[in-house]
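Enquirer: The structure follows.
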Amino acid sequence: MSEPSTLLLEHHLKALKLPTFLRDYKSMAAACAQERSDYPAYLLQLAERELIDRERRAAERRIRDARFPVLKTLETFDFAAQPSINAALVRELIGHGEYMMKRENVLLVGNPGTGKTHLATALGFAACGQGKKVRFATTTALVTELLEARESRSLARLQKQLERLDLLILDELGYVPFSKSGAELLFDVISRAYERTSLIVTTNLPFENWTEVLGSERLTGAMLDRLTHRVHILEANGASYRLKDAKKRIKRP
Ligand code: ADP
Ligand code: MG
């Protein structure tokens with residue numbers, strides 16, 4: 001191909017946002033010439049590569065947008081170390097992400113260090129790979145974000161963003177009590193998510209103690225009602241993995 005047409009082609013491929021075509025069209029042409037592939041076969045191979053790359057980039061973007069504090073996956077979770085967790089249910093949830101299609105929620109309840117955040121992150125990470133829009137936040141940080149958004153008159157925008165999610169992960173509900181308006185804003189998020197966005201909530205608090213952090217009994221009741229309407233509950237009652245890990249390290253200096 002002449003130099004001007006090569007330049008023009010590369011310009012068009014950029015304009016069309018086909019980076020993989022741009023990167024591979026020459027080497028692929030050489031390979032196809034050698035294999036005596038016809039034009040459609042050449043085009044097909046390039047298009048397939050472009051599609052695969054695009055999907056990978058989109059998944060990477062979804063993972064960035066989810067803002068996981070640390071990336072954890074199911075591969076690094078040791079179910080033997082935490083036998084109280086229903087491994088079959090975790091695998092079922094993570095497998096096809098069907099719970100998100102059905103707008104079901106997941107509640108992870110248990111003592112500190114039992115892997116709740118790890119599992120919530122692993123579920124969120126898998127969801128990103130399944131094409132879902134995910135957001136991870138500690139409950140306290142989200143409530144602060146909501147209060148600040150209201151202060152700066154951008155609450156409606158933040159609420160819209162949250163509504164567009166397929167999965168919202170609220171980590172560590174129950175560690176810090178909320179102000180009255182904080183609890184109300186959180187309730188509002190959970191209400192809007194109802195039958196639209198799946199929620200994963202991790203908490204160290206048994207249900208009967210939720211009023212302590214949310215303040216009002218009526219609000220707690222209404223929140224639990226929405227959260228638990230369609231819910232999978234995972235309980236972790238074992239010892240803290242952090243503690244076990246630390247003890248192991250002490251024993252083997
Ligand atoms: P929680 O949120 O319940 O307090 P985390 O998920 O933060 O606990 O777990 C604490 C640390 O221990 C994390 O680094 C986590 O990856 C690790 N961890 C906890 N349970 C397990 C487990 N069963 N297998 C592997 N790592 C674990
Ligand atoms: Mg945690």
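The values are calculated or read from the model by the stated rules, or taken from the named source; none is laboratory data. These numbers come from a predicted model, not from an experiment. All Cβ positions, even for glycine, are placed from backbone atoms using ideal geometry, and neighbour counts span all protein chains on display. In case anyone asks, the SASA skips ligands and DNA or RNA and just uses the protein heavy atoms, side chains included. Shrake-Rupley method; radii C 1.70, N 1.55, O 1.52, S 1.80 Å.
Enquirer: Report the convex hull volume per residue for the chain, counting only C-alpha atoms, in Å³.
Expert: Hull volume over Cα atoms, normalised by residue count, gives 208 Å³.
Enquirer: In addition: Does segment 3-63 come out rounded, prolate or oblate, given a ≥ b ≥ c as the square roots of the eigenvalues of its C-alpha gyration tensor, rounded meaning a/c under 1.5 and, failing that, prolate meaning a/b above b/c?
Expert: Verdict is oblate for segment 3-63.
Enquirer: Using only Cα atoms, tell me the angle between helix 241-251 and the longest principal axis of the chain; keep it within 0 to 90° and round to the nearest 10.
Expert: Helix 241-251 sits at roughly 90 degrees to that axis.
Enquirer: Suppose we take every Cα in segment 119-174 and form the convex hull; what volume per residue is that in Å³?
Expert: Given the Cα convex hull of segment 119-174, per-residue volume reads 66 Å³.
Enquirer: Using only Cα positions of segment 147-212, each an equal point scatterer, no hydration layer, compute I(q)/I(0) via Debye at q = 0.11, 0.17, 0.26, 0.29 Å⁻¹ and quote the log10 values to two decimals.
Expert: For segment 147-212, the Cα-only Debye profile gives -0.28, -0.67, -1.28, -1.34.
Enquirer: If you don't mind, there's one more thing I want to ask. Quick check: net charge around residue 85, other residues with Cβ under 15 Å of its Cβ, Lys/Arg +1 and Asp/Glu -1?
Expert: Its environment carries a net charge of +1.
Enquirer: What residue among 148, 92, 35 shows peak mean-square fluctuation when the chain is described by a Gaussian network model with Cα springs under 10 Å?
Expert: Its mean-square fluctuation being the largest, the pick is 35.
Enquirer: Another question, if that's okay. Of all the accessible heavy-atom surface of segment 143-253, with the other protein chains kept in place and a 1.4 Å probe, what percent is carbon and sulfur?
Expert: Of all accessible area on segment 143-253, carbon and sulfur atoms account for 49 percent.
Enquirer: Could you tell me which of 43, 129, 147 has its Cα farthest along the dipole of the chain towards the positive end, charges placed at Cβ (Lys, Arg +1; Asp, Glu -1), taken about the Cα centre?
Expert: Ranked along the dipole, the leading option is 147.
Enquirer: Provide the per residue accessible area, probe 1.4 Å, for the chain, rounded to a whole number of square angstrom.
Expert: 59
Enquirer: Counting only Cα atoms, I'd like the Rg/Rh figure for segment 23-153, Kirkwood definition for Rh.
Expert: Across segment 23-153, the Cα-based Rg/Rh ratio is 1.16.
Enquirer: With r as the distance between the Cβ atoms of residue 26 and residue 156 and R0 = 41 Å, compute the FRET efficiency 1/(1 + (r/R0)^6) and round to 0.05.
Expert: The formula returns an efficiency of 0.25 here.
Enquirer: Can you pull the one-decimal nm distance between simple spin-label points at residue 104 and residue 246, each 7 Å off the Cα toward Cβ?
Expert: For residue 104 paired with residue 246, the spin-label model returns 3.6 nm.
Enquirer: Further question on the same structure: Considering only DSSP beta bridges where both residues belong to segment 67-247, give the percentage that are antiparallel (nearest 5).
Expert: Bridges in segment 67-247 that DSSP calls antiparallel: roughly 0 percent.
Enquirer: Moving on. Across the chain, how many lysine pairs, 8 or more apart or on two chains, come within less than 21 Å at their alpha-carbon atoms?
Expert: Here the count comes out as 16.
Enquirer: For the chain, build the charge dipole from Cβ charges (+1 Lys, Arg; -1 Asp, Glu) around the Cα centre, then report which of 231, 219, 81 sits farthest towards its positive end.
Expert: Towards the positive end, the residue furthest out is 81.
Enquirer: Residue 235 versus residue 147, label points 7 Å from Cα toward the beta carbon: distance in nm?
Expert: My value for the distance between the label points is 3.3 nm.
Enquirer: Still on this structure, please answer the following. Sorting 166, 53 by accessible area (1.4 Å probe), largest first, what list results?
Expert: From most exposed to least exposed: 166, 53.
Enquirer: Continuing with the same structure: Tally up the carbon and sulfur contribution to the accessible surface of segment 3-63 as a whole percent, 1.4 Å probe, everything protein left in place.
Expert: 63
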